[in-house]
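Report on the structure given below.
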Amino acid sequence: MLNRRLLRTKAVQALYASQLAADANRLLGIDRIDEAFAPDLNSMEPQNRPKLAGMKKLAVLTFDELIKTGKPSEDEEVPAEVLKVARQVFETYKRQTLSDREKMLRRVLNETELINTDFVRVLSLLIEVAYQAQIDRQRTYEDPEAPFPKDSGLDTNRVVTILKENKTLQEEIIRSGINWSNDMAVVRKTYREGLRKDADYEAYCKQTSHTEEEDQLMVQHILRQILLKHEVPLEFFEQRDLYWDDHNELIRSLAIKTLKSADHADTFQLAPLTKDWDEDRAFVEELFNVVIEESDKYDLYLEDQLKNWELERVALVDLIILKTALAELIHFPGIPVKVTINEFIEIAKRYSTPKSGKFVNGVLDVLSVKLMKEGIIRKSGRGLIDNK
């Protein structure tokens, strides 16, 4: 079942990608300023290069000030030509950055929904490997160099039979666009190099019949040790999903839950990715949007807390994790403070530097107490639970 930590991680990933895109858009803006104040090599008039360089430098400073505050600095008078170029570049930057934010958020949400497709693909691979076992058992001539027992096989497994015959699963495979015709090499290698070389499976195939429990244990063993662990299928799944390392634990959980329900056809049920995808999606969207809207305010909170640090010295991932945690602490009153802090400590441990977990813990522990005293963090309902 989709959990909140993965949803929080998706928000952090979208924010990180958005910041990288914004930084790239800033560099593109500076390139446009360079072009605007570059000497005209085709002009017959003499070029005042020092003046152009000064205008370019002032335009970059004005552009950065527009990014930071939305208006040019009032400390000095900016020439009209410089202000015009800086504003034009800023408008392009702002438009592109907003578009990139929407794309990044949409992308991580789509990636999250596609976890269900990968889960169905794993079940589909199990069925395809069973077909390979059936073909192998039907061969008239056995390979003398690699004899293999044929008394039974994955194709005779009760659980696999239920998967093959279930209309809901077959419809989901079709709806998800899963087709192994172009990847049969993966299926065959998974069978030959993974399943046939597995000692437990070989022992299973030496028995003519099996109990329901034996069939269930075997199919779970194949899922865990072959389909989700052997290098052939693992490489295939990793190439299809850049975030496979993040998703595979959930996919395994969904697949095991589904297999356990398949002891009998009338009890079989595809495990749902989530109880309420609309609610989960709204959580990610709100967390993302709050960080974007309140980012400057969070900078002030963090600057006050990190008096001996400059925010530029804090790793970008750590900074985004801290801001996302602040967004949850302040804007989600139903989530206990300790839950939020512990979740983002774990995210920092996994996605940032080795010391980031302790760093995030130290900052959030002190800052959360301070913001609660100031009435900025206010909890209600379940959020009042003190999870020590």
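The values are calculated or read from the model by the stated rules, or taken from the named source; none is laboratory data. Keep in mind it's a predicted model, so treat the numbers as computed, not measured. Neighbour counts run over all protein chains shown; Cβ positions are idealised from the backbone, glycine included.
Each row is one residue, and each column tells you yes or no for (1) in the same structural domain as T9 (by TED's automatic domain parsing); (2) crowded, with 18+ Cβ neighbours inside 10 Å; (3) in contact with a strand residue (DSSP E or B) (Cβ under 9 Å, 6 or more places away or on another chain); (4) not basic (K, R).
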{"residue": "L234", "(1), (2), (3), (4)": "no, no, no, yes"}
{"residue": "E238", "(1), (2), (3), (4)": "no, no, no, yes"}
{"residue": "E249", "(1), (2), (3), (4)": "no, no, no, yes"}
{"residue": "S261", "(1), (2), (3), (4)": "no, no, no, yes"}
{"residue": "R281", "(1), (2), (3), (4)": "no, no, no, no"}
{"residue": "Y298", "(1), (2), (3), (4)": "no, yes, no, yes"}
{"residue": "A315", "(1), (2), (3), (4)": "no, no, no, yes"}
{"residue": "A327", "(1), (2), (3), (4)": "no, yes, no, yes"}
Item to check | the stretch 62-88 - residue that is over 22 Å from D296 (Cα atoms), of a type in the set (A, V, I, L, M) and assigned to a helix (DSSP H, G or I) and, of those, modelled with the highest pLDDT | outcome: V85
Item to check | Unmet requirement for E285, which otherwise passes all of (1) touching a residue at least 60 places away in the same chain (Cβ under 8 Å); (2) not in a helix (DSSP H, G or I) | outcome: (2)
Item to check | Residue among T92, T97 that is under 30 Å from R240 (Cα atoms) and either at pLDDT 95 or above or not in a helix (DSSP H, G or I) (or both) | outcome: T97
Checklist entry - Quick one: is I173 under 35 Å from the mean Cα position of the chain (by Cα), touching a residue at least 12 places away in the same chain (Cβ under 8 Å), part of a loop (DSSP other than H, G, I, E, B) and under 22 Å from N248 (Cβ atoms)? => result no
Checklist entry - Consider N116 against the criteria (1) within 23 Å of the chain's Cα centre (by Cα); (2) surrounded by fewer than 20 Cβ atoms within 10 Å (Cβ to Cβ); (3) touching a residue at least 24 places away in the same chain (Cβ under 8 Å): it satisfies all of them except one. Which criterion is unmet? => result (2)
Next on the checklist: Just to be sure I understand, how many residues within the stretch 167-199 are farther than 27 Å from D266 by Cα and either hydroxyl-bearing (S, T, Y) or not assigned by TED's automatic domain parsing to the domain that holds V219 (or both)?
Outcome noted: 3
Next on the checklist: Condition first: in contact (Cβ under 8 Å) with a residue 60 or more places away in the chain, under 21 Å from V284 (Cα atoms), in a helix (DSSP H, G or I) and out of contact with any Asp or Glu (no Cβ under 7 Å at 6 or more places or on another chain). Can you find one or more residues in the stretch 301-317 that meet it?
Outcome noted: yes
Next on the checklist: Can you tell me how many residues within the stretch 6-52 are loosely packed, with under 15 Cβ neighbours inside 10 Å, basic (K, R) and modelled with pLDDT of 95 or more?
Outcome noted: 0
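Here's the yes/no breakdown for (1) without any contact (Cβ under 8 Å) to a residue 12 or more places away in the chain; (2) in a loop (DSSP other than H, G, I, E, B); (3) touching a Gly at 6+ places or on another chain (Cβ under 6 Å):
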| position | (1), (2), (3) |
| --- | --- |
| M218 | no, no, no |
| L234 | yes, no, no |
| E249 | yes, no, no |
| D266 | yes, no, no |
| T274 | no, yes, no |
| D278 | yes, no, no |
Item to check | Scope the stretch 199-218; condition surrounded by 16 or more Cβ atoms within 10 Å (Cβ to Cβ) and in contact with a helix residue (DSSP H, G or I) (Cβ under 8 Å, 6 or more places away or on another chain); matching residues | outcome: Y201, Y204, H210, D215, Q216, M218
